2 protein chains.
Amino acid sequence: MKVSHYQEVPQQPVEMEGSRGCSVRWLLGERDGTPNFAMRQFEVAPGGYTPRHFHPYEHEVFVLEGEGVVYEGDKSHSLKAGDVVLVRPDEIHQFRNTGQAPLKFLCLIPNSAAGKTATVAPECGCE
Amino acid sequence: MKVSHYQEVPQQPVEMEGSRGCSVRWLLGERDGTPNFAMRQFEVAPGGYTPRHFHPYEHEVFVLEGEGVVYEGDKSHSLKAGDVVLVRPDEIHQFRNTGQAPLKFLCLIPNSAAGKTATVAPECGCE
């Protein structure tokens, strides 16, 4: 068993192309011996966003604090604390903070995501 | 993509041997097309507890609200909002609410847990 508080876990900047103001904590992952999936916690600063991209694995997301939107392609869904999002494999998606405080959420991925490529999607749907 | 609020998801009583005052919401699972793992949300009433048991799959837990303890065999760890727990396969574990308000947490399991057996563990370590 491993027990910790999420704020004890070091926070790292997200330095992916197309992201702004994002940081991540790997709360549970393969280094902890997770057999199947990893739990990460993201913080997106006001005005910040995750990359608009897609990849061949899913996200399971739980919003902890803040306000924002998640884009499903060009369609947006508003987000608040307690919202749950399933991003299916190969769906174009992006999370954006539209509030005044950090947007905090959990985002879980399968261990099998390791080494798989995320593809940046164009900003408009016209390509 | 699926977006919902956790409180929109129907809550079901947990009717496992050895549990008391527990309910569960299946926030994301195989019925939603999750490829690898399921997200559930548990609520344990004051004085309530989950079964003291073990099973051949892991839990990844994030505490949302309330106060409690998680038992690792006979050893207890206190829990509060923001705490993260990895219960490894075959570890004896039990969650107990020690506060005055509901203890709420997320508990994720692999899809491969379906059909696997949980074994109730004795209350003392003397057997």
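The values are calculated or read from the model by the stated rules, or taken from the named source; none is laboratory data. Everything numeric in this text was worked out from a predicted model, so none of it was measured. Cβ: placed from backbone, ideal geometry, glycine included. Neighbour counts: every protein chain shown. Just the protein is used for accessible areas: all its heavy atoms, side chains included, with ligands, DNA and RNA removed. Shrake-Rupley method; radii C 1.70, N 1.55, O 1.52, S 1.80 Å.
Some points to look at:
- Residue closest to axis [chain B; rotation mapping onto A; Cβ; Å]: B:F37, 2
- Cross-link pairs A:K104/B:K104; A:K116/B:K2; A:K116/B:K116; A:K80/A:K104; B:K80/B:K104; A:K80/B:K104 - those with Cα-Cα distance over 20 Å: A:K116/B:K2; A:K116/B:K116
- Copy-to-copy label separations for B:M16, where each label sits 7 Å from Cα toward Cβ, in nm and ascending: 3.3
- Taking only Cα atoms of the stretch A:1-69, radius of gyration then Dmax in Å: 13.1, 37
- Here, chain A yields an orientationally averaged convex hull projection of 7.8 nm² when only Cα atoms define the hull.
- Accessible surface of the stretch A:73-113, 1.4 Å probe: 51 percent of it comes from carbon and sulfur atoms.
- The GNM of chain B, with springs linking C-alpha atoms under 10 angstrom apart, assigns the highest mean-square fluctuation among B:H93, B:H53, B:H77 to B:H77.
- For the chain pair A and B, the buried solvent-accessible surface (1.4 Å probe, both sides summed) amounts to about 3500 Å².
- What separates the A:A101 label point from its copies, with the point 7 Å along Cα to Cβ, is 1.4 nm, written shortest first.
- Here r is the Cβ-Cβ distance between A:A114 and B:A81 and R0 is 25 Å; the resulting FRET efficiency, rounded to 0.05, is 0.25.
- Convex hull volume per residue in cubic angstrom - Cα atoms of the protein assembly as shown: 125 Å³
- For the stretch A:78-116, a decrease in accessible area of 50 Å² or greater in the assembled protein chains relative to the isolated chain, with a 1.4 Å probe, applies to A:V84, A:L86, A:R88.
- Distances between copies at B:A45, taken between label points 7 Å from Cα along the C-beta direction, are 4.7 nm in increasing order.
- Where chain A is the region considered: accessible area per residue in Å², 1.4 Å probe: 46 Å²
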